[in-house]
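The structure appears below as structure tokens.
The values are calculated or read from the model by the stated rules, or taken from the named source; none is laboratory data. Keep in mind it's a predicted model, so treat the numbers as computed, not measured. Backbone-built Cβ (ideal geometry, glycine too); neighbour counts: all protein chains shown. Just so you know, the surface numbers come from the protein's heavy atoms only, side chains and all, with ligands and any DNA or RNA stripped out. Shrake-Rupley method; radii C 1.70, N 1.55, O 1.52, S 1.80 Å.
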Amino acid sequence: TQPFTMMTSLLKKRLMAEPALWAWFLLTATFALHAADRQAPVKVMSFNIRYGAANDGENSWKHRDYLVLETVQNARPDLIGYQEVLKFQAEFLQKNLKGYGFHGVGRDDGQEKGEYVPLMWRQERFELLDSGHFWLSETPEIPGSVSWDSSLTRMLSWVLLKETSPSGREFIFANTHFDHRGTQARLESAKLIRKRANTIMDQYPVILTGDFNTTEEGDPYAALCKKTQPQGTPLIDAYRVIHPAPMDDEASFSRWVGHRAGKRIDWILHSNDFVTLHANINYTQERGRYPSDHYPVEATLRLK
């Protein structure tokens, strides 16, 4: 230990004799401690994969399942919220995406009937602590319930995850799909989610993914992301943080042909506990074939 003791003593003397070097040493040590305390970034994807029973001809599920899988594998998200997933598609994703946990049920009966809005998470990074669902209706706890002018049953699925890193931070990850016809249903669904989010955001950070079937100019977006109504803390649109100026080519609905003109209807929202590092629309295609009639949207977030 003697050489080490001598080296340490010499370093102390030099640091005290040279103030500039001492300042640099303190700055470097402070930065190292701060960097070690920072949470690792979390990559999030929201992906409407188009329900597999649709008669889509050459775009039918059997002709593009591999491309959906490759799109996810290449993006390597830590968290994924899917929409329009039927039971056999859920089984395909679980079988082929190794290392991910899965949570989801059919919206029509709370078991296997109808479309899922399932979530997947990288198990090496997150531990599942709790999970659940509620329906976008006036009776949210009743499976299959429909309200307002909704044309179909709609729901939200959620999980409570814990970081497996030493920090052990916990957060809620939720996923949903708003009705494509009911104007009132979309607004009331947004209000319901905002109200429920506000009851838990004091305790847990929140990430919400979904196909909201409306643009950011609409009332449902305001209900989720604006400070006006309802009361409470608004959610933050990750894409708009990175791309603050709306453009005319931000459509997230590809229509199978690479359509980009228009507005986003697929969003990744989060509570103020996260900072957005990156956000984009994923335009993956193979020789003109697209994995879905929606583009997946992505965001990289970090817990503050």
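So here's what we get for this one:
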quantity	calculated
Distant-in-sequence amide H partners of residue 268 (H built 1.01 Å from N, under 5 Å)	238, 239
Amide H partners (placed H, <5 Å) of residue 278, local residues excluded	300
23 Å Cα-Cα threshold exceeded, pairs from 62/87; 43/227; 113/191; 113/195; 62/95	43/227; 113/191; 113/195
Quotient of C-alpha Rg and 2.2 N^0.38 Å, computed over the chain	1.18
Note, ³J(HN,Hα) from phi for the stretch 183-196, Karplus 6.51, -1.76, 1.60, rounded to Hz, x at Gly and Pro	4, 5, 4, 5, 5, 5, 5, 4, 4, 4, 5, 4, 5, 5
Using distinct alpha-carbon pairs, which all enter the 1/r mean, Kirkwood radius of the stretch 94-228 in Å	15.6 Å
For the stretch 38-147, alpha-carbon Rg relative to the globular expectation (2.2 N^0.38 Å, N residues)	1.14
Sparsely packed trypsin sites (Lys or Arg not before Pro) within the stretch 79-155, loop by DSSP, other Cβ within 10 Å at most 14	98
Debye intensity ratio in log₁₀ form over the Cα atoms of the stretch 174-216, taken at each q of 0.17, 0.19, 0.22, 0.31 Å⁻¹	-0.49, -0.59, -0.75, -1.15
Nearest-20 debye value, the chain charge dipole, Cβ charges on Lys, Arg, Asp, Glu	980 debye
Using θ = phi - 60° and Karplus 6.51 cos²θ - 1.76 cosθ + 1.60, couplings along the stretch 117-131 (whole Hz; Gly, Pro as x)	10, x, 10, 10, 9, 6, 5, 6, 9, 9, 10, 7, 9, 7, 7
Cα-based helix-to-principal-axis angle, 19-37 vs the chain, degrees rounded to 10	30 degrees
Point-charge dipole on Cβ atoms (K/R +1, D/E -1) for the stretch 220-289, about Cα centre, debye to 20	160 debye
Highest to lowest packing among 238-248, 262-272, scored as the average C-beta count within 10 Å	262-272, 238-248
Nonlocal amide H pairs with residue 131, under 5 Å, H built at 1.01 Å	160
Listed residues 150, 46, 165 arranged by accessible area, highest first, probe 1.4 Å	165, 150, 46
Residues listed by number, the stretch 233-274, amide nitrogen under 20 Å from residue 40 label point at 7 Å toward C-beta	274
The chain: relative contact order in percent, alpha carbon pairs under 8 Å with at least 6 residues between	17 percent
Residue-averaged [θ]222 nm for the chain, counting only DSSP H segments that reach four residues, each worth -39500 (n - 2.57)	-9000 deg cm²/dmol
Given charges at Cβ of Lys, Arg, Asp, Glu: the chain dipole, positive-most of 89, 199, 105	199
Per DSSP, loop GluC sites (Glu not before Pro) in the stretch 86-185 with at most 10 further Cβ within 10 Å	124
Distance cut-off 22 Å, percentage of C-alpha pairs in the stretch 185-304 lying past it	36 percent
